[in-house]
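Undergrad: I have a structure I would like to understand better, so I am pasting it below and will then ask my questions one at a time.
The values are calculated or read from the model by the stated rules, or taken from the named source; none is laboratory data. Please read all numbers here as calculations on a predicted model, not as lab measurements. Backbone-built Cβ (ideal geometry, glycine too); neighbour counts: all protein chains shown. Ligands, DNA and RNA are stripped out before the accessible areas are found, and what is left, the full protein with its side chains, is counted by its heavy atoms. Shrake-Rupley method; radii C 1.70, N 1.55, O 1.52, S 1.80 Å.
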Amino acid sequence: MDWCHYRFRSVWHVPGAPADAYAELERAEDYPLWWPQVREVKPIDDRSGVIRFRSFLPYDLVVTAEERRRDPAAGVLEIGMTGDLDGWARWTLTAAPAGTRARYDQEVDVRSPLMRRLAVPGRPLFLLNHALMMRAGRRGLAARLAAV
């Protein structure tokens, strides 16, 4: 097992139409307004930027994200990441009975030296850290969409 490799999947059910959720999720520079763990997004150009985030653990992760796919008709947003995490993340949005089903898939390798050193003993904490971040993100997006 590669202790520095992670695969995540989260499914959020949020209010509003998929097009509204898509519009919020494609504006990464606004994530810090509704997702507390996304501390900063600095655009580089119209397809990339630097993102700094921190969840429960007192440790920042910084990645450079580059758009790989932006497909509003299919409801898909995908980025590639380099930096403290190397890999990709994808949102897939579909209609659901009470609004939108937002599926988040991510596959990354940890490159942060500290997280690599703590890979085996820290893995349960890293997984919890991610789960707490995703829970807060779902709440933030749901509240933002409910206000639209």
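Undergrad: Run down Glu66, Glu78 and say which single residue is open to solvent by less than 40 Å² (accessible area, probe 1.4 Å), charged (D, E, K, R) and farther than 16 Å from His5 by Cβ.
TA: From the options Glu66, Glu78, the qualifying one is Glu78.
Undergrad: Does the stretch 128-138 contain any residue that is open to solvent by 60 Å² or more (accessible area, probe 1.4 Å) and in contact (Cβ under 8 Å) with a residue 24 or more places away in the chain?
TA: Yes; the residues of the stretch 128-138 include at least one that is open to solvent by 60 Å² or more (accessible area, probe 1.4 Å) and in contact (Cβ under 8 Å) with a residue 24 or more places away in the chain.
Undergrad: All but one of (1) over 20 Å from Ala142 (Cα atoms); (2) open to solvent by 30 Å² or more (accessible area, probe 1.4 Å); (3) of a type outside the set (S, T, N, Q) hold for Leu61, so report the exception by its number.
TA: Exception for Leu61: condition (2).
Undergrad: Restricting attention to the stretch 21-45, and to residues there that are of a type in the set (Asp, Glu) and open to solvent by 70 Å² or more (accessible area, probe 1.4 Å), which single residue is farthest from Ala89 (Cα to Cα)?
TA: Asp45
Undergrad: Cβ contacts < 9 Å: first residue more than 11 Å from Val11 (Cβ to Cβ), restricted to the stretch 84-109; second residue polar (S, T, N, Q) and in a loop (DSSP other than H, G, I, E, B), any location; separation 6+ or different chain. Result?
TA: Asp84/Ser112; Leu85/Ser112
Undergrad: Quickly run through the stretch 81-113 and pick out the residues that are small (Gly, Ala, Ser) and either in contact with a Gly (Cβ under 7 Å, 6 or more places away or on another chain) or open to solvent by less than 60 Å² (accessible area, probe 1.4 Å) (or both).
TA: Residues satisfying the conditions are Gly83, Gly87, Ala89, Ala96, Gly99, Ala102, Ser112.
Undergrad: Something else now. Would you mind stating whether Val50 is over 17 Å from Ala143 (Cα atoms) and of a type in the set (A, V, I, L, M)? Walk me through it before giving the result.
TA: Values: over 17 Å from Ala143 (Cα atoms): yes; of a type in the set (A, V, I, L, M): yes.
Taking the combined requirement at face value, the residue satisfies it.
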